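Just below is one structure, and these are the notes that go with it.
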Amino acid sequence: VLQLIAEGRSNQRIADELLPHAGKWNERAKDWRWEVILIKTRTVNAFCMPGGKIAIFSGILETLKLSDDEVATVIGHEIAHALREHARERAAKTTLTNIGALAVGLVIGGNVGELARQGGGLLTLKFSRDDEKEADLVGMELAARAGYNPAAGITLWEKMGQAAKGAPPQWMSTHPASETRIQLIKDSLKEV
């Protein structure tokens, strides 16, 4: 329990170092009540809700044995989702896509209507992957501006790739493949 409390404080410290740089992407973020919580579970994941509530599962820290630079990459990524308001945007895009697919299905009907519905689902996956790529880039810059090594994203995604062996192919996932993310980071390092 003491180790989890210490890890939770460390995560909050890292977030506190990243947050002064958040205004570049969303001026309203200065008014949000940012908070990092550590959830004790073996799950290898983290997420951020709109308004700045970040949850990090202890499994990502324990399983991947992340450095502070890698934790900054994770927290920066989650902060970026909130800053870019991806959750709200994704909900709106999903609703519009589903309405469009439903309309096509009603007009055309049958198997073609079902195909339109499934195609709409693939479109929302692409929206999600685009959000993930944007969060990777914004999070990497947040971490760099706070003094963390932006190249830590490479080692983070190498570790995530090892942990995700047997995951579905990229085209079936809301997240880009680890290899895709690593290349994106490598391509962006000079700019950051």
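The values are calculated or read from the model by the stated rules, or taken from the named source; none is laboratory data. Please read all numbers here as calculations on a predicted model, not as lab measurements. Positions of Cβ are backbone-derived with ideal geometry, glycine not excepted, and every protein chain shown enters the neighbour counts. When the accessible area is computed, the model is the full protein with side chains, heavy atoms only, and any ligands, DNA or RNA have been set aside. Shrake-Rupley method; radii C 1.70, N 1.55, O 1.52, S 1.80 Å.
As an exercise: evaluate Glu132 against (1) acidic (Asp, Glu); (2) at pLDDT below 70; (3) within 26 Å of Gly76 (Cβ to Cβ) and give the number of the one condition it does not meet.
(2)
Report, by residue number, each residue of segment 139-151 that is open to solvent by less than 10 Å² (accessible area, probe 1.4 Å) and among the aliphatic types (A, V, I, L, M). Steps first, please.
Here is the first cut: in segment 139-151, the ones open to solvent by less than 10 Å² (accessible area, probe 1.4 Å) are 139-140, 142-143.
Scanning segment 139-151 gives Met140, Leu142, Ala143.
Quick check on my filter: what residues within segment 35-64 are assigned to a loop (DSSP other than H, G, I, E, B) and in contact (Cβ under 8 Å) with a residue 40 or more places away in the chain?
First, pick out the residues of segment 35-64 that are assigned to a loop (DSSP other than H, G, I, E, B): 40-45, 50-52.
Result: Val44, single match.
For every residue, the table says whether it meets (1) open to solvent by less than 50 Å² (accessible area, probe 1.4 Å); (2) modelled with pLDDT of 90 or more.
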| residue | (1), (2) |
| --- | --- |
| Glu7 | yes, no |
| Ala15 | yes, yes |
| Arg28 | no, no |
| Phe47 | no, no |
| Ile56 | yes, yes |
| Lys65 | no, yes |
| His86 | yes, no |
| Glu89 | no, no |
